[in-house]
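Below you'll find the structure, written out as structure tokens, and then a few comments.
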Amino acid sequence: DAKTTQPNSMESNEEEPVHLPCNHSTISGTDYIHWYRQLPSQGPEYVIHGLTSNVNNRMASLAIAEDRKSSTLILHRATLRDAAVYYCILSPRGGADGLTFGKGTHLIIQP
Amino acid sequence: EPEVTQTPSHQVTQMGQEVILRCVPISNHLYFYWYRQILGQKVEFLVSFYNNEISEKSEIFDDQFSVERPDGSNFTLKIRSTKLEDSAMYFCASSARLAGGLVEQFFGPGTRLTVL
């Protein structure tokens, strides 16, 4: 499986934008980039996915580098409820296979 | 909003006993998964299930584990003879196929298994 690298933790203030980076230099042409998050004491939760183009949904935006070797999850206005571990995951079949979770980035939101 | 449910929320068992963890996936979903997370560690994939058979399994999913969809609504994980190291949070997930062949997995709240 292609690997991803994320910072262990990041801190941000409430109501400010947050940019969570992910490096995936060994990504293959068919790998989709998925982001999931895990709130404290809960199961993982889907956030967003993309292949080549930037993507927006109601939760976040995903900015994908032109060479696809990195991506950034953008939370436009962080709330306390966004405090979670965020996982960047590559999937060759669009997510149908079992997901390989790394350690993710622990996002801390300060009020 | 439809959600994946899991029972029980917490299961305590003695080493060597069999346990069955139950999941009710979202009703129109076709792909089913089990994951586990040992306390303080990563979420680990165990097995995926599609069209009434295992489609993929990890090295963790050995002969002690089995899965079943007994009645078209439940999806179960059985551990035949539990070990201390099976203590973990077990998450069930399900998914449907989105447009373009993409799949978003919906996770349940988990069952905490404690093996004594």
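What follows is calculated from the coordinates using simple rules that are stated; it is not laboratory data. This structure is a prediction, so every number in the text was calculated from the model and none was measured. Reconstructed Cβ throughout: ideal geometry from the backbone, glycine too, with neighbour counts over all protein chains shown.
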Q) For the protein assembly as shown, with only Lys/Arg (+1) and Asp/Glu (-1) charged at the beta-carbon, what is the dipole magnitude about the Cα centre, in debye rounded to 20? A) 60 debye
Q. Which of the trypsin sites (Lys or Arg not before Pro) found in region B:52-110 are loop residues per DSSP with 15 or fewer other Cβ atoms within 10 Å of their Cβ?
A. B:80, B:83
Q: Report, in debye and to the nearest 20, how large the dipole of chain A comes out about its Cα centre when Lys and Arg carry +1 and Asp and Glu carry -1 on their Cβ.
A: 180 debye
**Q.** Among B:52, B:32, B:66 - extreme Cα towards positive end, dipole of region B:26-79, charges at beta-carbon
**A.** B:32
Q: Counting other Cβ atoms within 10 Å, keep those with at most 11, restrict to DSSP loop, and tell me which trypsin sites (Lys or Arg not before Pro) in region A:19-79 are left.
A: A:58, A:77
Q: Select from A:33, A:89, A:74 the residue whose mean-square fluctuation is largest in a Gaussian network model of chain A (Cα-Cα springs shorter than 10 Å).
A: A:74
Q.
Cut-off under 14 Å on the C-alpha distance; same-chain residues fewer than 8 positions from residue A:103 excluded. Which aspartates and glutamates are left, in chain and number order?
A. B:44
**Q.** Sum of side-chain charges, residue B:14 neighbourhood, beta-carbon under 13 Å (Lys, Arg +1; Asp, Glu -1)
**A.** -1
Q | Low-density loop cleavage sites - GluC sites (Glu not before Pro) in region A:1-106, where at most 15 other Cβ are within 10 Å (DSSP) | A | A:14, A:15, A:66
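Just to confirm a number: summing +1 for Lys and Arg and -1 for Asp and Glu over residues other than residue A:102 whose beta-carbon lies under 9 angstrom from that of residue A:102, what do you get? Don't skip to the answer; put the middle values down first.
Details: positive: A:3, A:103, B:42; negative: none.
Every neighbour counted, the sum reads +3.
Can you give the charge dipole size of chain B about its Cα centre, rounded to the nearest 20 debye, using +1 on the beta carbon of Lys and Arg and -1 on the beta carbon of Asp and Glu?
Numbers: 10 positive and 14 negative charges, 32 e Å.
Dipole magnitude for chain B comes out near 160 debye.
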